[in-house]
Structures are given as C-alpha cells and as structure tokens.
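Enquirer: This structure is in structure tokens; I'll ask about it shortly.
The values are calculated or read from the model by the stated rules, or taken from the named source; none is laboratory data. Everything quoted here is computed from the prediction, not taken from an experiment. A quick note on method: Cβ atoms are made from the backbone with ideal geometry, for glycine too, and the neighbour counts reach across all protein chains shown.
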Amino acid sequence: PADVPATVADKAREMARQAFQALGCEAMARVDFFLRADGRLLVNEVNTIPGFTDISMYAKALAASGIGYSQTIDVLIEHALARHAAR
C-alpha cells in the first residue's frame, strides 16, 4: 500500500467499497488506483482474482490494515459457506 495521508487512504477505501458494490463483487477483490498530482483518485482496475499468496500485494494490503493472512482465509471460507447455505 502507498504511503499516503489518512484522508487519501480513507477516500480510497470508500471508493473501493463503492466500486466493489457497483460491480456486484463477492468475497474479495483488489481495487487499484492512480493518485493524480492534484490529489484526485482514479480507479485503475478492479481485480476480482488478485494474487493470493502470503507475499502478494493483496496479503500485504490486508496486513497493513491489521488483518492477518490466516484470518483472511477463515473469513473467506465462512463467507463461502454462508453463500452456499443461502442457495
């Protein structure tokens, strides 16, 4: 994750959430941004199948948010089981 001011990080999180929901994503996705010189954030891409090893950018972003790799896997499994049960 980029070293940016908290206000930029907060805006990126909100924009990522909105993009995730607008596209109907489920479980996980990585939303990449460009930060312009004027401070504007632009969504670059939404990656619905991000690299998912313990050294991937997805894992690093989660770790920077205080979420461990094992915890992430547990949450994804719980989410998948709940979705399956709801069908």
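Enquirer: Just checking, which of G39, G24, G68 is at positive phi and surrounded by 11 or more Cβ atoms within 10 Å (Cβ to Cβ)? Full working, then the answer.
Expert: Working: G24 fails: surrounded by 11 or more Cβ atoms within 10 Å (Cβ to Cβ); G68 fails: at positive phi.
Criteria check complete, one pass: G39.
Enquirer: Still on this structure: Please enumerate the residues belonging to region 27-36 that are in a loop (DSSP other than H, G, I, E, B) and surrounded by fewer than 13 Cβ atoms within 10 Å (Cβ to Cβ). Spell out how you get there, then give the answer.
Expert: Initially, region 27-36 is screened for residues in a loop (DSSP other than H, G, I, E, B), giving 27-29, 36.
Scanning region 27-36 gives A27, R36.
Enquirer: Being touching a residue at least 40 places away in the same chain (Cβ under 8 Å) and not β-branched (V, I, T) is the requirement here; does A6 meet it? Please lay out each step first, then the result.
Expert: Numbers: touching a residue at least 40 places away in the same chain (Cβ under 8 Å): no; not β-branched (V, I, T): yes.
Answer is no for this residue.
Enquirer: Yes or no: region 16-32 includes at least one residue that is in contact with a Leu (Cβ under 8 Å, 6 or more places away or on another chain), modelled with pLDDT of 95 or more and farther than 20 Å from I77 by Cβ.
Expert: No; the residues of region 16-32 include none that is in contact with a Leu (Cβ under 8 Å, 6 or more places away or on another chain), modelled with pLDDT of 95 or more and farther than 20 Å from I77 by Cβ.
Enquirer: Being out of contact with any helix residue (DSSP H, G or I) (no Cβ under 7 Å at 6 or more places or on another chain), of a type outside the set (D, E, K, R), surrounded by 13 or more Cβ atoms within 10 Å (Cβ to Cβ) and in contact (Cβ under 8 Å) with a residue 60 or more places away in the chain narrows it down to one residue among A19, A61; which is it? First the steps, then the outcome.
Expert: Values: A19 fails: in contact (Cβ under 8 Å) with a residue 60 or more places away in the chain.
The conditions single out A61.
Enquirer: Can you tell me which residue is nearest to the chain's Cα centre (by Cα) among those in region 2-36 that are within 30 Å of A82 (Cβ to Cβ) and aromatic (F, W, Y)?
Expert: F20
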